[in-house]
Amino acid sequence: MNANVISLDGLKVASRDDLTKAIESKGCESSSCGSSDAPEDMDPSTWQKVKDHPCYSEEAHHYFARMHVAVAPACNIQCNYCNRKYDCANESRPGVVSERLTPDQAARKVIAVANEIPQLSVLGIAGPGDSAYDWRKTKETFKQVQAQLPDIKLCLSTNGLALPDHVDELLDMNIDHVTLTINMIDPEIGTKIYPWIFWEKKRRTGLEAAQILHERQMQSLDMLHERGILVKVNSVMIPGINDEHLLEVNREVKKRGAFLHNIMPLISAPEHGTVFGLEGQRGPTAAELKKLQDACAGGANLMKHCRQCRADAVGLLGEDRGQEFTMDLVPEEVTYDPSKREAYRDWVAEERGERRAAAETAKAETQAAVNPDAEAMLIAVATKGGGRINQHFGHATEFQIFEVDNDGVRFVTHRRCDNYCVGGYGEEDKLELVIKTLEGISTILCAKIGDCPREDLEKAGIEAIQDYAYEYIETAVSAVYRARNGLPAEEAEIA
Ligand code: CLF
Ligand code: SF4
């Protein structure tokens, strides 16, 4: 175990000097120092766009944070999974109320967050409402933020109906990330998801509504792609309505140049007050979602690290620090101080190169050292970010799940066990829920765990290991796999 590593405890960063010292004291741990240049399978200009975006790059989500501001409440369509009294279900977890902001308030809040959270790299507008339809407020917010924090990436999420009217303005404003929610390419299926749209000053219903929406969504996708704006397509998987159909959606959006496809499970409950919730429409199980994702192999690249975040989320994906930045806590006057963010970026540039080198080494060791008949393993990891095992078991609100086999180590998904699921329950109930959440997983890696939960986990057939605290995830996962299945590393020949 290498104890001489930076503890990304909470990823709270003090100053450029502290970071520089931390990097120097760490020295070079890997056999080759690694580089934070574009990965081999990505062209450098695309890498420049995605390298700091936690949603567009799985690697970046270990380092960078996003925040959303709810400034555009008007919407031009009705989705059967949405109740706008709460949040936009296309990009956020329904059932929680957001703080609606004016563009001035939003700009002030972004500066306050940027001063406190150096990982902040992206400002998104993701409901409730549609950012392209309520365009005046979206544009004003982005303009104000861009004037004061030119290095923040601007990101918007839309249903696409109004977007073709604004694509060229996006280009002028250097916005190069757009999420389009596309749940169907067959308007017949669309009629089961959208009861109406508002189009050219009239409310349209039925097949006409779904047909117009479909055509405008395809037009949006084509226009964005032609202009080099990266498009992520979000699809809500609704069992019995569009679940099988999403395979065709995946193929079609790939053909039209989408960069990523994010298939999200419908979250539906009667108390959300949505049509689907009241009708008892269920969401997919984790197994159904995985089956669809597997079937999509070879089509558009899939995003698997989405956290279905709130429309006022703040922080790394999977954490929500929004309550620290409600408007009553944001000062009337805020001045942007770029020093922490600059220092953090310098640190990440070094760190991600080393992590990548460590992951390559782990891959080579895994391939070289393992019994050819070894079975793939799923391993749960408690992490606060930075690609390291740096979280106490008891503080984990979610676990990242990595798969390891003879080809190497891959992130596959996350599983949540946070207060959203267990609010109001005691600690024992929480542990029970964690055990249920980790069904099918035999090993947890965490920075620390108490004796009692460790014993309870053991009784449930789950081994909790803290020996790899603060190591890179890939290095530790590979070591566990080799210990279970293979030869000791020193006996294996590494290519
Ligand atoms: Fe926000 Fe969406 Fe931009 Fe990300 S979220 S507008 S692309 S900055 Fe990300 Fe959140 Fe998933 Fe959205 S994890 S719900 S995909
Ligand atoms: Fe709700 Fe978003 Fe659909 Fe509009 S686009 S109805 S805000 S989920």
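The values are calculated or read from the model by the stated rules, or taken from the named source; none is laboratory data. Please read these numbers as outputs of a predicted model, since none were measured by experiment. Don't worry about glycine lacking a Cβ; one is built from the backbone with ideal geometry, like all the others, and counts go over all protein chains shown.
Okay, here's what the table says:
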{"quantity": "Count of residues meeting criterion [touching a residue at least 60 places away in the same chain (Cβ under 8 Å) and over 19 Å from TYR481 (Cβ atoms)] in the range 439-453", "calculated": "2"}
{"quantity": "Out of VAL404, VAL334, sole residue that is farther than 25 Å from LYS430 by Cα, touching a residue at least 24 places away in the same chain (Cβ under 8 Å) and not assigned by TED's automatic domain parsing to the domain that holds ASN485", "calculated": "VAL334"}
{"quantity": "The listed residue being free of Cβ contacts under 8 Å to residues at least 40 places away in the same chain, among the basic types (Lys, Arg) and within 16 Å of ligand 1 (Cβ to nearest atom), out of LYS139, LYS109", "calculated": "LYS139"}
{"quantity": "Extreme residue, farthest from the chain's Cα centre (by Cα), among residues of the range 51-64 that are surrounded by 24 or more Cβ atoms within 10 Å (Cβ to Cβ) and not in a loop (DSSP other than H, G, I, E, B)", "calculated": "HIS62"}
{"quantity": "Condition met for VAL167 (within 14 Å of ligand 1 (Cβ to nearest atom), modelled with pLDDT of 95 or more, in the same structural domain as GLY257 (by TED's automatic domain parsing) and of a type in the set (A, V, I, L, M, F, W, C))", "calculated": "no"}
{"quantity": "Strands (runs of 3 or more DSSP E) fully within the range 228-340 counting 3 or more residues that are out of contact with any helix residue (DSSP H, G or I) (no Cβ under 7 Å at 6 or more places or on another chain)", "calculated": "230-237, 260-265"}
{"quantity": "Restricting the range 201-255 to residues that are within 19 Å of ASP130 (Cα to Cα) and without any contact (Cβ under 8 Å) to a residue 12 or more places away in the chain, the residue that is surrounded by the most Cβ atoms within 10 Å (Cβ to Cβ)", "calculated": "ARG204"}
{"quantity": "Test set (1) within 15 Å of ligand 1 (Cβ to nearest atom); (2) crowded, with 24+ Cβ neighbours inside 10 Å; (3) modelled with pLDDT of 95 or more - MET184 fails condition number", "calculated": "(1)"}
{"quantity": "Residues that are surrounded by fewer than 22 Cβ atoms within 10 Å (Cβ to Cβ), in a helix (DSSP H, G or I) and touching a helix residue (DSSP H, G or I) at 6+ places or on another chain (Cβ under 9 Å), drawn from the range 366-382", "calculated": "ALA368"}
{"quantity": "Restricting the range 396-443 to residues that are outside any strand (DSSP E or B) and of a type in the set (Val, Ile, Thr), the residue that is modelled with the highest pLDDT", "calculated": "ILE441"}
{"quantity": "Selection within the range 56-77 - away from ligand 1 (no atom under 12 Å from the Cβ) and among the hydroxyl-bearing types (Ser, Thr, Tyr)", "calculated": "TYR63"}
{"quantity": "Options LEU278, LEU317, LEU266; residue that is within 16 Å of ligand 2 (Cβ to nearest atom) and under 19 Å from the mean Cα position of the chain (by Cα)", "calculated": "LEU266"}
{"quantity": "Residue within the range 479-493 that is in a strand (DSSP E or B) and either at pLDDT below 90 or under 23 Å from the mean Cα position of the chain (by Cα) (or both) present", "calculated": "yes"}
{"quantity": "Pair list, Cβ < 7 Å and 6+ apart or interchain, from the range 148-170 residues that are within 17 Å of ILE77 (Cα to Cα) to residues that are more than 16 Å from ligand 2 (Cβ to nearest atom) and assigned to a helix (DSSP H, G or I)", "calculated": "PRO164/GLN219; PRO164/MET223"}
